[in-house]
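Notes follow the structure.
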Amino acid sequence: MFELSERMKKIPPYLFAEIDAMKRKKIAEGVKVIDLGIGDPDLPTPRHVVSAMQRAVEKVERQKYPSYEGMLEFRESAADFYRRRKGVKLDPKKEVIALIGSKEGIAHLPLAFVNENDYVLVPDPGYPVYYASTVMAGGRVYYLPLREENDFLPDLDAVPGDIVRKAKILFLNYPNNPTSAVAEREFIRSAIDFCTDNRIILAHDYAYGEIGLDGYRPKSFLEFENAFEVTIEFNSLSKTYNMTGWRIGFACGNEEILKGLLKVKTNVDSGVFEAVQEAAIAALRGDDSIIEENCRIYAERRDVLVEGLRKLGFNVKKPRATFYVWVRVGESSIEFVKRILDGAGIVATPGIGFGPSGEGYVRFAVTRDKEVIAEAVNRLEKLF
Ligand SMILES: Cc1ncc(COP(=O)(O)O)c(C=O)c1O
């Protein structure tokens, strides 16, 4: 009786929800499922962050409507974090806004800048929200294939001229979900120049910016000369501090782009609960060894999985960032995922869910203990 809008009909069901239904069915059948599907850290939020929240919740002034752009102290702590970790100077009053998780900002950005039939350049495979937010804003998606032979970086020169002229936003995401690829200086430079030359917003999703492994430090795009002219960078406390459930992140960079995004947000949400912002301040101002310890744990788990998969004959590169391992499986990704769920009780994510170029690949998230990952490898050995 109530028909979905044409826009919503263009958006496929959120992939992770479908996988979840398959997983629940398996659990109901009594299978001890090992979930390496969703990118949700199993590690706890740091203790001092939880305590800061507990204290803040008690304060009456924190129980009111927050400001749209976030508490100044939160924005200052984000700016301090960028100075300390990236050597990037941000004006907390103009160049930082709080988000209800980076997903919220990514989802709202096209509404601010995309007109009917404008193009948005979207990496494929990629985080599904770039596609959905473009379609919800009435825009058109132009997919940029990320190919293994190009180290999962898009070829910006291959975008046809008439698409470039109608493009408003280029989404990029490094370290990358789902491929776990990283971007080096030369590519970042060329992406900034491409956007400057063509007056396109460079929307860099930096959600995995602190998940660098073996000492690797993923670059912020804002470290580069002239980046502020075209770039909005989305950052998140979700993965950096194991705070996925808290829903807090921030966007930083070009003031005009942030203002546009904030105009949408003032009409949609009413900011981030200030007690959560206080907890986020404690996280951002806290000891950086927490971040390093997280990364050490992910690297250890990655080694168990990568070595196990190699023994099984998969040709897997060792990721230098993120907690994902992206594996070419040489068959339909959905078939492969169903096979390992049915035969071994292991949940992974089919690459096709991240876009057409994800077909033939499967993503594993090392968001379980290394012993559990070793058990998953054992089960796979028995299955294959
Ligand atoms: C690439 C990427 N961007 C953004 C997000 C959103 O993170 P959050 O909204 O928790 O900040 C995720 C979450 O998985 C992600 O994988």
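The values are calculated or read from the model by the stated rules, or taken from the named source; none is laboratory data. Keep in mind it's a predicted model, so treat the numbers as computed, not measured. Counting neighbours? That spans all protein chains shown, and the Cβs are built from the backbone with ideal geometry, glycine included.
When the residues of the stretch 244-301 are filtered to those that are touching a Ser or Thr at 6+ places or on another chain (Cβ under 7 Å) and among the polar types (S, T, N, Q), the one that is nearest to the ligand (Cβ to nearest atom) is Thr244. Out of all the residues in the stretch 84-112, which are part of a helix (DSSP H, G or I) and closer than 15 Å to Asn235 by Cβ? Those that are part of a helix (DSSP H, G or I) and closer than 15 Å to Asn235 by Cβ: Arg84, Arg85, Lys86, Ser102, Lys103, Glu104, Gly105, Ile106, Leu109. Restricting the stretch 172-199 to residues that are of a type in the set (Val, Ile, Thr) and part of a helix (DSSP H, G or I), the residue that is nearest to the ligand (Cβ to nearest atom) is Ile188.
Of the residues in the stretch 335-371, how many are in a helix (DSSP H, G or I) and crowded, with 17+ Cβ neighbours inside 10 Å? The total comes to 11.
Pairs linking a residue in the stretch 312-325 that is more than 13 Å from Val377 (Cβ to Cβ) and of a type in the set (D, E, K, R) to a residue that is at pLDDT 95 or above and outside any strand (DSSP E or B), with Cβ atoms under 6 Å and 6 or more positions apart or on different chains, are Lys318/Val306; Arg320/Val182; Arg320/Leu213; Arg320/Tyr216. Take the residues of the stretch 1-47 that are more than 30 Å from Leu237 (Cα to Cα), among the basic types (Lys, Arg) and in contact (Cβ under 8 Å) with a residue 60 or more places away in the chain: which is surrounded by the fewest Cβ atoms within 10 Å (Cβ to Cβ)? Looking at residues that are more than 30 Å from Leu237 (Cα to Cα), among the basic types (Lys, Arg) and in contact (Cβ under 8 Å) with a residue 60 or more places away in the chain, I get Lys32. Right, Glu116: assigned to a loop (DSSP other than H, G, I, E, B) and without any contact (Cβ under 8 Å) to a residue 40 or more places away in the chain or not? Yes; evaluated as a whole, the condition is true for this residue.
Does Val268 meet the test of being hydrophobic (A, V, I, L, M, F, W, C) and either part of a helix (DSSP H, G or I) or closer than 22 Å to Ala78 by Cβ (or both)?
yes
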